[in-house]
Amino acid sequence: MTGNDVRTHCPKQATMRGRNHARPGRALWGAGVALVALLSVAGVARAASALMPYPASARFDVGSLSIPGGVSVVWEGTRTPMLERAVGRFRARLAALGGIPAPAADAPGAATTPLHIHVGADPAYLSVTAREGYRLTVDAHGIDLAADGPAGVLHGLATLLQLAQAGPQSPAIAYVRIDDAPRFAWRGVMIDVARHFMTIETLKRQIDAMEMVKLDVLHLHLSDGQGFRVESRVFPRLATVASHGQFYTQGQIRDLVAYAADRGIRIVPEFDTPGHAFALLLAYPDLASQTPVPGDRHQVNVAAINPTLEDSYRFLRRLYGEMGHLFPDRYFHAGGDEVSPTQWTKNAEIAAFMRQHGFATPQQLQAAFTARIQKILQDQGKIMMGWDEITEASIPDNVVIEAWRGSKFIASATRAGHPVVVSAGYYLDLLQPASEHYLVDPLDPHANGLTPDLAEKLRPKLGAMVDALKLDPSATMSPAQDRLVMGGEAPLWAEVVTDEMLDARLWPRSAAIAERFWSPASVRDVPDMYRRLAVVQDELCVTGLQAQANRYRMAARLSPGDAGPVLTLADATSPIRHYGHNHSAAHGQKGPIVQQMNTLGDIAAPDSAGAERFSDLARRYVAGDHSVRPVLEAMLTRWRDNDAAFQAASAGHPILEDARPASQELKALAQVGLDALAGRKGKDWRAATGALLARQDQAVAASANMVVSHTVAQPPADLLQDITPGVRTLAGLD
């Protein structure tokens, strides 16, 4: 088979599970000359299925380039220290994947395979107009990477890293021609470091992972009710009072910005005003609409700056000016979301100001505040960005709107002429599986929002907010509006995410979302995405991500010396979705916010890779492929037998004892699967199985519909049984 043209999707025959995830010998190192070795059709498929995000165009040919002697870079065009460092990271990552010491830099005269890098100059590097396209060719003569600018070199090297595979005697790269460029310029993640502080080292790990999947914007949410996280020399009480001792020094911020820039990633800061300002107002209470009371949990979430004081604007002008110098990006996120009207209407002086100046509603007052903040940022050379609530203000067209409450705001904001970054549908803290985010397109105004029926069910709980979250069936997009969508980003709010949990909460789902932002819209095969996602996650962990290591640490802390039963249960389950796991958020208004964050619900990942594989194998089995039966039996037996070990390990441990019913449910489901494989499907069995599966469906439905809270029965230990779909398939009850 030659010329396997794979332009907008991965080949169906690709099987990620058959790849050697450890990939010994995968890196490019050693001495010798390049050899040509033919790949089988399956080998071509594996090479194609290793890519994420999938390229705009990829043509695989039979054959591969064997590289026993490593690569020597031949530069053509602009060669900079930044690009030299990028090649160094490329070599080091390949070495890590191969399990050997990192090779030295280019050695003149060494018998290596040439890697020709052609790169053009790009004065727009690190901007939304950066030249990111690249063309990659691998054939018998070597490797050729032609990039429109430095960003294209970074992206091409990331693709090359994913293509390299272990060969019979040496590493090899499939013959391929790739012509690639992103669909959207803004491809980001948002990390909330205000609710839970994340160390610089943790943030750098995320930046490294972002580079490898071609994400290019890190939006840092740096201030909120729980803390202000950047040192201010103009307003030092922000560090001594508002940070609770956890903040980034200005030197650390400069280092982080430079670290990200080296990897083609812009850092966009967010300092949220006028709401979400409790920590700031503890430090400077004269600017508050309501006097902040330390320890008042209600105020932590709603405290707002007084928009009628000139001192407020003088303060923010100086603060934003100082922060703007630390973050050189043109875009500056000023928040603007979730302002509680009563913060202003219950202040007699603010209420009088509103009457005097003709502001009939708090929303009109906020619009005036937003307009002044935009002018401040414009005077400082910044482009304002804010959450979609700011669209009520009369602001210039170039203000970027982040659509978060629903996809309908993509249509309304672009109709008003605003550029848009889409986060609706990509909220990672909802703990939805990757498939839910993967199918949300940034140009679809109906992709995310509440149905009318669900909106009415939630109205007693959410109040007027429901109207903003509802779908708008009449929302439409024109080609001109499509062009105003800059891209999207995946937010991770950190109320119940610690530094230790961050890697596993961001990844691998962010890689799937990265593909949505980069690849053609037609790339949307969910089973194939999951097959590739498993390999991407392994690559990220081998090259530095600590998702698996931290999960093991958390499990070992719960069960020292016997973490296996805990991890087996966690690997077959996922945490309850849509904030059902945020127990502390609904309890009382006074006292510190405390939630145990070392439970099974914190260790389990939103996507269970094992359960996904099980479901895939179950589908293959019922379709007639009985060769997978031994693997299915082994998986089911392991889950069934884990319960005895878990019950023993959990004795006397309150957190683990809370998960005992979840372990028993996993055992029962696994036994159903084994019975189905053995042909035991009598009438009584079917009735009992139907009841068991129905209980799991009810837990998933309640979770998906946002109706689970601390007052409603939740699944044991906040865990959803992810093997349920595969068991249902084997049982013939789909």
In the stretch 494-508, residue modelled with the lowest pLDDT [restricted to those that are part of a loop (DSSP other than H, G, I, E, B) and surrounded by fewer than 24 Cβ atoms within 10 Å (Cβ to Cβ)]: E495
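Could you say which residue among R135, R183, R131 is free of Cβ contacts under 8 Å to residues at least 40 places away in the same chain, open to solvent by 10 Å² or more (accessible area, probe 1.4 Å) and over 30 Å from V241 (Cα atoms)?
Result: R131 is the single residue among R135, R183, R131 that is free of Cβ contacts under 8 Å to residues at least 40 places away in the same chain, open to solvent by 10 Å² or more (accessible area, probe 1.4 Å) and over 30 Å from V241 (Cα atoms).
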Matching entry among P442, P491 (being crowded, with 19+ Cβ neighbours inside 10 Å, modelled with pLDDT of 95 or more, under 26 Å from Q226 (Cβ atoms) and in contact with a strand residue (DSSP E or B) (Cβ under 6 Å, 6 or more places away or on another chain)): P491
Residue within the stretch 187-196 that is buried (at least 22 other Cβ atoms within 10 Å of the Cβ), outside any helix (DSSP H, G or I), touching a residue at least 24 places away in the same chain (Cβ under 8 Å) and of a type in the set (G, A, S) present: yes
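Going by the structure shown, is Q721 of a type in the set (S, T, N, Q) and either on the phi > 0 side of the Ramachandran plot or without any contact (Cβ under 8 Å) to a residue 60 or more places away in the chain (or both)? Break it down stepwise before answering.
Values: of a type in the set (S, T, N, Q): yes; either on the phi > 0 side of the Ramachandran plot or without any contact (Cβ under 8 Å) to a residue 60 or more places away in the chain (or both): no.
It is false that Q721 is of a type in the set (S, T, N, Q) and either on the phi > 0 side of the Ramachandran plot or without any contact (Cβ under 8 Å) to a residue 60 or more places away in the chain (or both).
Answer with yes or no whether T711 is more than 30 Å from P560 (Cβ to Cβ), within 30 Å of the chain's Cα centre (by Cα), among the polar types (S, T, N, Q) and modelled with pLDDT of 95 or more. Outline the logic, then answer.
Working: more than 30 Å from P560 (Cβ to Cβ): yes; within 30 Å of the chain's Cα centre (by Cα): yes; among the polar types (S, T, N, Q): yes; modelled with pLDDT of 95 or more: no.
When the stated conditions are applied, T711 does not pass them.
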Single condition L136 does not satisfy, out of (1) more than 21 Å from A58 (Cα to Cα); (2) assigned to a strand (DSSP E or B); (3) of a type outside the set (D, E, K, R): (1)
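So, R205, is that one in contact with an Asp or Glu (Cβ under 7 Å, 6 or more places away or on another chain) and farther than 21 Å from S423 by Cα or not?
Numbers: in contact with an Asp or Glu (Cβ under 7 Å, 6 or more places away or on another chain): yes; farther than 21 Å from S423 by Cα: yes.
So R205 passes the test.
Select, from F327, F353, F315, F359, the only residue that is within 34 Å of the chain's Cα centre (by Cα) and more than 17 Å from H221 (Cβ to Cβ).
Numbers: F327 fails: more than 17 Å from H221 (Cβ to Cβ); F353 fails: within 34 Å of the chain's Cα centre (by Cα); F359 fails: within 34 Å of the chain's Cα centre (by Cα).
Being within 34 Å of the chain's Cα centre (by Cα) and more than 17 Å from H221 (Cβ to Cβ) holds for just one of F327, F353, F315, F359, which is F315.
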Those residues of the stretch 137-152 which are over 18 Å from M82 (Cβ atoms) and touching an Asp or Glu at 6+ places or on another chain (Cβ under 7 Å), in sequence order: T137
Residue that is farthest from R297 (Cα to Cα) [pool: residues in the stretch 207-216 that are surrounded by fewer than 24 Cβ atoms within 10 Å (Cβ to Cβ) and out of contact with any Gly (no Cβ under 6 Å at 6 or more places or on another chain)]: E211
Failed criterion for D525 (all others in (1) closer than 30 Å to I200 by Cβ; (2) modelled with pLDDT of 95 or more; (3) acidic (D, E) hold): (1)
Residue under evaluation A174, criteria (1) in a strand (DSSP E or B); (2) modelled with pLDDT of 95 or more, criterion not met: (2)
Residues located in the stretch 714-730, provided they are more than 10 Å from L693 (Cα to Cα) and assigned to a helix (DSSP H, G or I): P716, A717, D718, G726, T729, L730
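Name the helices (runs of 4 or more DSSP H) wholly inside the stretch 534-650 in which the number of residues that are open to solvent by 10 Å² or more (accessible area, probe 1.4 Å) and over 18 Å from K667 (Cβ atoms) is 3 or more.
Details: elements: 547-558, 564-571, 600-603, 609-622, 629-650.
Helices (runs of 4 or more DSSP H) meeting the threshold: 547-558, 609-622, 629-650.
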Residue within the stretch 310-332 that is open to solvent by 10 Å² or more (accessible area, probe 1.4 Å), modelled with pLDDT under 95, in a helix (DSSP H, G or I) and of a type outside the set (D, E) present: no
Residue identified as more than 30 Å from T129 (Cβ to Cβ) and modelled with pLDDT of 95 or more among G564, G588: G564
Residue in the stretch 677-684 that is part of a helix (DSSP H, G or I), open to solvent by 40 Å² or more (accessible area, probe 1.4 Å) and more than 25 Å from A645 (Cα to Cα) present: yes
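With respect to V62, is the statement that it is surrounded by fewer than 18 Cβ atoms within 10 Å (Cβ to Cβ) and either over 29 Å from the mean Cα position of the chain (by Cα) or at pLDDT 90 or above (or both) true? Reasoning before the result, please.
Values: surrounded by fewer than 18 Cβ atoms within 10 Å (Cβ to Cβ): yes; either over 29 Å from the mean Cα position of the chain (by Cα) or at pLDDT 90 or above (or both): yes.
When the stated conditions are applied, V62 passes them.
The values are calculated or read from the model by the stated rules, or taken from the named source; none is laboratory data. Every value quoted in this text rests on a predicted model; they were computed, and no experiment measured them. Virtual Cβ from ideal backbone geometry, glycine too; neighbours counted across all protein chains shown. Note: accessible area is taken over every heavy atom of the protein model, side chains too, but ligands, DNA and RNA are not part of it. Shrake-Rupley method; radii C 1.70, N 1.55, O 1.52, S 1.80 Å.
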